[in-house]
1. Remind me, relative contact order of the chain in percent, using alpha carbon pairs under 8 angstrom and six or more residues apart?
2. Run lengths n ≥ 4 of DSSP H only: what is the helix-derived mean residue ellipticity at 222 nm for the chain, with -39500 (n - 2.57) per run over all residues, to the nearest 500?
3. Give me the extension gain from A155 to T97: residue separation times 0.36 nm, minus the current Cα-Cα distance, reported in nm with one decimal.
4. Would you list E104, E88 from fewest to most Cβ contacts within 10 Å?
5. Can you match semi-axes √(5λ) of the Cα gyration tensor in Å to one of these, (1) 25, 21, 14; (2) 37, 17, 16; (3) 81, 23, 15, based on a calculation from the structure here?
6. Among the complete DSSP H segments of the chain, which ones combine at least 18 Å of alpha-carbon extent along their axis with a mean Kyte-Doolittle hydropathy of 0.5 or more?
7. Could you put I54, I210 in order, starting from the residue whose Cβ has the fewest other Cβ atoms within 10 Å?
8. Using the beta-carbon distance between W201 and T173 and R0 = 30 Å, what value does 1/(1 + (r/R0)^6) give for FRET efficiency, to the nearest 0.05?
Amino acid sequence: MGEAAPTPTSPPPGTARARNRRGEGGRLRDDIVAAAVELLEETGDESSVTLRSIARRAGVAAPSIYRHFADQPSIMLAVVQQAFAMLESELRSALDTAGGGARERLFAVCGAYLGFADKYPGRYRTMFGGVWMPDLGNGSVTGSDVSSLGSASLALLADTLGDCVSAGCATSTDLTADAVALWLGLHGLAHQRSATVAFPWPPDIAERIITTLAHLDDA
């Protein structure tokens, strides 16, 4: 998979949106998601992403949103799904362009993960924060919607770790469990880097985490 497609941009705040021609309803859906992403990136606060603020940013009347989304959580789910698709694309791009052997490819994928968190801090927090989620089963967002988030990226991480085992540079005996452990290590580092920016992180902290949790050899 190549680079993610650019996120559609919504009209300037307060600008009336041109009415869609017949068959262009999908464009309005994209504009609504783009407006929510812009608000999230600007404020870093999910509470600012309301139906009213999204409608204002997208240049539409609030009732128009209901033709595409049941409520605010369903919009946020679309934002998060888009963010996970972007993450998967960046991980695959890093994997496809990495040189060297299996070990180098694993480090490339892990580095791309940390880079994504640094590049999109607002979206990254929302992807894993869960603050936007209502009680599952009592609204538009279901348990299956949530459980599938990130599954493709985790599978890619497990496959890349499996390549290390096949190449004899990792000793994992449970790829699924170790991929989850590795993701948790990466996620913890990404989160703490954004939360405690003044901490004197060791320059090789990412390498230490990856080497330990992936059960890599010392080469």
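Bear in mind that the values in this text are calculations on the coordinates, not laboratory data. These figures come from a predicted structure and were not determined experimentally. No Cβ is skipped: glycine too gets one built from the backbone with ideal geometry, and neighbour counts run over all protein chains shown.
1. After rounding, I find 19 percent.
2. Taking each H run of at least 4 residues, the total per residue is -19500 deg cm²/dmol.
3. Answer, rounded to one decimal: 19.0 nm.
4. With the fewest neighbours first, E104, E88 line up as E104, E88.
5. (2)
6. Span-like helices here: 151-166, 175-195.
7. So the ranking, lowest neighbour count to highest, is I210, I54.
8. After rounding, the FRET efficiency stands at 0.50.
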